[in-house]
Amino acid sequence: MIRVLAESPAPAVYHCAAGKDRTGVISAVLLGLLGVEEGIIVADYALSSANIDAIIERLNAAEGYRAMLETLPPETMHALPQTMEGFLARIAQRYGSMAGYARDIDLGDETVEKLRFSLLE
């Protein structure tokens, strides 16, 4: 996804069903690669909490999601700051930084530079 966004010749949108898990991770990686402070990344993730009840209600309206949500532990249906803090801590512990993670998955410095060029002023 990061590579697709870096290579996109036009604006692009990415999302998932609730907008907090897959989208939250992609956003955290993007923001981390762009040099955004961890506190801001955490706050951005936690913004989903303001709408989580409406998100759950919307998902429960769809039969396929309702069945899936019933199998999930209740504590997974949140967007708490601690969740993103834990994710960022694991990235730092395992890879040293978001840039270290990007190198480990062979994202390449050129891709990261394209991303920075297209998303930063």
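The values are calculated or read from the model by the stated rules, or taken from the named source; none is laboratory data. Remember, predicted model here, so these are calculated numbers, not experimental data. Positions of Cβ are generated from backbone atoms using ideal geometry, with glycine treated the same way; all protein chains shown enter the neighbour counts. Ligands, DNA and RNA are excluded from the accessible area calculation, which covers all protein heavy atoms including side chains. Shrake-Rupley method; radii C 1.70, N 1.55, O 1.52, S 1.80 Å.
Relative to the longest principal axis of the Cα atoms of the chain, the long axis of helix 109-119 makes an angle of roughly 70 degrees.
Size descriptors for the chain, from the alpha-carbon set: Rg then Dmax equal 15.8, 44 Å. Sequentially through the range 96-104, phi angles give Karplus couplings (6.51, -1.76, 1.60; θ = phi - 60°) of x, 5, 5, 5, x, 5, 4, 5, 5 Hz, Gly and Pro residues having no value and appearing as x. A full extension of the chain between Ala62 and Arg90 corresponds to an added length of 6.7 nm, given 0.36 nm per residue minus the alpha carbon distance. Take the convex hull of the alpha carbons in the range 62-121; its mean projected area over all directions comes to 7.0 nm².
Maximal additional length on extending the Ser118-Ala43 stretch stands at 24.7 nm, based on 0.36 nm per residue less the C-alpha distance. Available extension along the chain between His78 and Val36 is 12.8 nm, counting 0.36 nm per residue and deducting the alpha carbon span.
Computed over Cα pairs, the Kirkwood radius of the range 31-85 leads via Stokes-Einstein (1.567 mPa s, 4 °C) to a diffusion coefficient of 103 µm² per second.
For the range 53-110 versus the range 21-45, the spacing of their alpha-carbon centroids is 11 Å. Between helix 22-33 and the chain there is an angle of about 20 degrees, using the helix long axis and the longest principal axis of the Cα atoms.
Other residues lying with their Cβ under 15 Å from the Cβ of Ala61 contribute a combined charge of -2, Lys and Arg counting +1, Asp and Glu -1. Rounded to the nearest 500, the helix-only mean residue ellipticity at 222 nm of the chain stands at -19000 deg cm²/dmol, with each DSSP H run of n ≥ 4 adding -39,500 (n - 2.57). For the range 7-64, the carbon plus sulfur part of the accessible surface works out to 58%, probe radius 1.4 Å.
Accessible surface computed residue by residue for the range 1-44, with neighbouring protein chains in place and a 1.4 Å probe, gives 56 Å² per residue.
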